[in-house]
């Protein structure tokens, strides 16, 4: 499976995982000229911006570790633009990360709520 296919597959698994936990998915792969937000969903009254990290192994590092400071800043800017565009300035917001590791035919999903 290629890198892009792996990412899409991981995002689908993450979306299914969140839906089972009563998240209401609003948008997937929300693109703008500044970048992309993988999943935007409501968790109750909180709008959640979700970064999905998919790997075929976590031997060297956990996928969550690839969401460093610069990526966090970029996601915050993308979220601000989304909130402005959709006129949701006073909305409660949260940033989550979903890690998907598919290795040896087994899938492990970890959801880090309020990751940053």
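The values are calculated or read from the model by the stated rules, or taken from the named source; none is laboratory data. Remember, it's a predicted structure, so these values are computed and weren't measured experimentally. Note that we place each Cβ from the backbone using ideal geometry, even for glycine, and neighbour counts take in every protein chain shown.
For segment 37-55, what are the residues that are more than 17 Å from residue 115 (Cβ to Cβ) and surrounded by 13 or more Cβ atoms within 10 Å (Cβ to Cβ)?
42
Among (1) under 24 Å from residue 6 (Cα atoms); (2) touching a residue at least 40 places away in the same chain (Cβ under 8 Å); (3) under 12 Å from the mean Cα position of the chain (by Cα), which single condition is residue 94 missing?
Single failed check for residue 94: (1).
Could you list all residues from segment 31-49 that are modelled with pLDDT of 95 or more and under 25 Å from residue 102 (Cβ atoms)?
35, 36, 37, 38, 39, 40, 41, 43, 48, 49
Find the residue count for segment 88-104, including only residues that are at pLDDT 95 or above and surrounded by 18 or more Cβ atoms within 10 Å (Cβ to Cβ).
Of the residues in segment 88-104, 4 are at pLDDT 95 or above and surrounded by 18 or more Cβ atoms within 10 Å (Cβ to Cβ).
Name the one entry in 13, 6 that is out of contact with any helix residue (DSSP H, G or I) (no Cβ under 8 Å at 6 or more places or on another chain), surrounded by fewer than 16 Cβ atoms within 10 Å (Cβ to Cβ) and touching a residue at least 24 places away in the same chain (Cβ under 8 Å).
Testing whether each residue is out of contact with any helix residue (DSSP H, G or I) (no Cβ under 8 Å at 6 or more places or on another chain), surrounded by fewer than 16 Cβ atoms within 10 Å (Cβ to Cβ) and touching a residue at least 24 places away in the same chain (Cβ under 8 Å) leaves just 6.
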